[in-house]
Amino acid sequence: MVLIVDSGATKADWIALDDDGNRLFTTQTLGLSPEVINKEEALERLEARFDIYNNRKEVSNLYFYGAGCGTDRMKTYMTNIFTEFFPNAEVSVKEDTYAAAYATNPNNDKAIICILGTGSNCSYFDGEELQQKVQSLGYIAMDDCSGNRFGRDLVRAYFFNKMPDHLAKKFESEYNLDADVIKHNLYKEPNPNAYLATFAKFLIQNKEEPFIKEIIVKNMQVFVDNYITQYENAHEIETHFVGSIAFYLKAELAEILGKNGLKLGNVLRRPIDGLIEYHEVNKAKAK
């Protein structure tokens, strides 16, 4: 059995395939980002899914693409966890940007690969390997244009009384904005970045509002300036995106990239299905 996993900070998509490439089961767990959970939490999330736990000894290969797995230390950390849980599996751990690269860029062309979901990331794909000019410092210091950054901006605008009254009333009707509740989720509960990202739904639903548009445009321009245009050939190649923020704000992305002379490529909500094709193609090549 082969397991292919695409994990963000919020959730992880799992697909199990037999030796002939037939789909055995699909499932989801909570996200498995080593930046925000420890070993015990990771194992608990794996054990909570019966289909994963029950088949753990049948897995021969695990391909894990995860947020927060961009350094050798984090790759080793997650590899050790998976090796313990899947005792008979050969484990491959790569950062989630590789999943985005393989799914959006099937011809392995030179491209810029971006993730805009709960968190954010941006890399240059040279046709074989990913290269980064910006080392991520996690959701507190970075994650420009991500769901958690949009959520943070909305919450701050509300509490600083900058949000227009009609939007503030609508915001109040959709979320529990009690200060103690928010602080508890931010400082006492795991995955505060995922909690902040829940507010991004409001931004997407109200993206035509001038106040919201300004937040979107500002964040996207910052992402272009801080990430994409760091690459010298950014204006010559396509920029692909993966993630719910990119998917639901595709029109806004196209506009901002166009204004900056950049080429928008493919935009996918989830890369998991593209990963199946990628691994099947490479399996065939190996034969």
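See the values below:
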read-out: Convex hull of Cα atoms in segment 1-124, direction-averaged projection (nm²); value: 7.4
read-out: Folded to 0 to 90 degrees: helix 250-259 orientation relative to the chain principal axis, Cα; value: 70
read-out: Cα-centre dipole for segment 145-264 with unit charges at Cβ (Lys and Arg positive, Asp and Glu negative), debye to 20; value: 160
read-out: Simple spin-label estimate for Ser173 and Asn206 in nanometres, 7 Å along Cα-Cβ; value: 1.1
read-out: Alpha-carbon spread of segment 73-161, three principal axes, descending order, Å; value: 55, 35, 20
read-out: Sorted by Cβ neighbour density within 10 Å, fewest at the top, the residues Ile112, Ile216; value: Ile216, Ile112
read-out: Convex hull per residue volume in Å³, alpha carbons only, for segment 113-171; value: 93
read-out: Antiparallel content of DSSP bridges confined to the chain, in %, to 5; value: 50
read-out: Debye-sum result for segment 192-245 in log10 I(q)/I(0), which assumes one identical scatterer on each alpha carbon, at q = 0.14 Å⁻¹; value: -0.51
read-out: Segment 21-91, Cα convex hull volume normalised per residue, Å³; value: 92
read-out: Residues His240, His235, His279 arranged by fewest to most Cβ contacts within 10 Å; value: His235, His279, His240
read-out: P(r) of segment 218-275 over all Cα-Cα pairs, binned every 10 Å from zero, in whole percent; value: 22, 56, 21, 1
read-out: Choice from Gly31, Gly261, Gly119 with maximal GNM fluctuation in the chain (Cα, 10 Å cutoff); value: Gly261
read-out: Normalised contact order of segment 63-159, rounded percent, pairs of Cα under 8 Å and 6 or more residues apart; value: 20
read-out: Cα-centre dipole for the chain with unit charges at Cβ (Lys and Arg positive, Asp and Glu negative), debye to 20; value: 440
read-out: Between segment 119-181 and segment 90-111, the alpha-carbon center distance in angstrom; value: 25
read-out: Rg to Rh, two decimals, where segment 1-55 supplies the alpha carbon set and Rh follows Kirkwood; value: 1.00
read-out: Relative packing of peptides 265-275, 162-172 - highest average C-beta neighbours within 10 Å first; value: 265-275, 162-172
read-out: Neighbour-count ranking [beta-carbon atoms within 10 angstrom, fewest first] of Leu137, Leu262; value: Leu137, Leu262
read-out: Radius of gyration and Dmax over the Cα atoms of the chain, both given in Å; value: 19.4, 63
read-out: Peptides 53-63, 204-214 ordered by average Cβ neighbours within 10 Å, highest first; value: 53-63, 204-214
read-out: Listed residue (Gln131, Ile272, Tyr248) projecting farthest to the positive dipole end of segment 128-287, Cβ model; value: Ile272
read-out: Highest-MSF residue in the chain out of Gly151, Gly68, Gly21 [GNM, Cα springs under 10 Å]; value: Gly21
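Bear in mind these aren't lab numbers, they're just calculated from the coordinates by the rules spelled out. Because the structure is a prediction, the values reported are computed rather than measured. Every residue, glycine as well, gets a Cβ built from its backbone with ideal geometry; the counts of neighbours run over all protein chains shown.
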